[in-house]
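The values are calculated or read from the model by the stated rules, or taken from the named source; none is laboratory data. Note that this is a predicted model, so its numbers are computed, not measured. Note that each Cβ is placed from the backbone with ideal geometry, even for glycine, and that neighbours are counted across all protein chains shown. Please note that ligands, DNA and RNA were not included when accessible areas were found on the heavy atoms of the full protein model with its side chains. Shrake-Rupley method; radii C 1.70, N 1.55, O 1.52, S 1.80 Å.
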Amino acid sequence: EDSRGYTSSRAWAAAEGGLALDAVVHFCSAAGLDDGAVVDTTGAGDAFIGSLLCALVRGLPPRETLRLASCVAAAKCTRLGARPGLLYADDLPRSVLPG
């Protein structure tokens, strides 16, 4: 774990012909919910990926990107259906979505 609170590792894979893949994997804690708070997980993955893309476009660093995606996906799980639990940017505290 580094000073920013996440772990990185590099994976190398070489294919015939000299192609190589260089990847960095980031691990962060997921957003937590109280027992019984999860009502429906439908759409949680879409909420996570959509929020992840939003954070990447905004230029957030990996830790903040994962925090945002995790919080939005967790909030979605507290309501029934794929869309009702989704948060708007204005609903998020600045600690989760700065600026």
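Assorted remarks:
- In the range 20-75, the portion of solvent-accessible area held by carbon and sulfur atoms comes to 60 percent [1.4 Å probe, whole percent, DNA, RNA and ligands not counted].
- Charge sum, other residues only, whose C-beta stays under 14 Å from Leu33's C-beta, Lys/Arg counted +1 and Asp/Glu -1: -1
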